[in-house]
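In what follows, a structure is listed as structure tokens, so that the remarks can point back to it.
The values are calculated or read from the model by the stated rules, or taken from the named source; none is laboratory data. Model, not experiment: these values are computed from the prediction. Backbone-built Cβ (ideal geometry, glycine too); neighbour counts: all protein chains shown.
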Amino acid sequence: MEIILIQDVKNLGYKNDIVNVKPGYARNYLIPQGYAIVASSSARKILAENIRQQMFKQEKIKKQAEDIAALLEGLNLRIPAKAAATGKIFGSVNNVQIADAIKEAKNIDIDRKQIIIDNESIKEIGNYTAKVKLHKDVVVEISFEVFAE
């Protein structure tokens, strides 16, 4: 029996997949639990339209991410921090400070969860790089300098 999955089902498939299962499994478990629907011709047409609309939305989101990536390309940030004479910072610099510096420099709101620093947090003065993951396919690397105030 062919069914269309409405949700991801472990060891079976992902949302919007058309899979073959035994009729009892489909009628007694997948369909009543809301995990799947029968793959009729009308359901297939609706699925095709939904996938087409989803792809359009994904392309639009990716285009926006690429536009932001073009603005962030080659960006060099300077982040002030209180530091000792040895170069150690009192506290640390993390993705929150980088997001604030991007907002200040380019007036672009970047969620702090999208910023990935190799060391998680920086505890010394120096030059570093961070990756900004704007989309699953769009990642921008920015460089920043931590300097003593």
Going through the range 53-74 in order, the residues found to be acidic (Asp, Glu) and either farther than 16 Å from residue 107 by Cα or in contact with a Leu (Cβ under 8 Å, 6 or more places away or on another chain) (or both) are 59, 66
For the range 85-116, enumerate the residues that are without any contact (Cβ under 8 Å) to a residue 40 or more places away in the chain and either polar (S, T, N, Q) or in contact with a Phe, Trp or Tyr (Cβ under 7 Å, 6 or more places away or on another chain) (or both). 86, 92, 94, 95, 97, 107, 114
Would you point out which residue out of 57, 62 is under 19 Å from the mean Cα position of the chain (by Cα), surrounded by 14 or more Cβ atoms within 10 Å (Cβ to Cβ) and farther than 30 Å from residue 149 by Cα? 62
Within the range 87-104, track down each residue that is closer than 24 Å to residue 62 by Cβ and hydrophobic (A, V, I, L, M, F, W, C). 98, 99, 102
All-but-one check, residue 113 against (1) farther than 30 Å from residue 144 by Cα; (2) touching a helix residue (DSSP H, G or I) at 6+ places or on another chain (Cβ under 9 Å), failing number (1)
Filter the range 88-113 down to residues that are in a helix (DSSP H, G or I) and basic (Lys, Arg) and give me whichever is surrounded by the fewest Cβ atoms within 10 Å (Cβ to Cβ). 113
Give 134, 75 a once-over and let me know the one that is within 22 Å of residue 60 (Cβ to Cβ) and crowded, with 17+ Cβ neighbours inside 10 Å. 134
Some residue of the range 57-74 being in the same structural domain as residue 141 (by TED's automatic domain parsing) and not in a helix (DSSP H, G or I): yes
Any idea how many residues of the range 119-138 are without any contact (Cβ under 8 Å) to a residue 12 or more places away in the chain and over 11 Å from residue 93 (Cα atoms)? 1
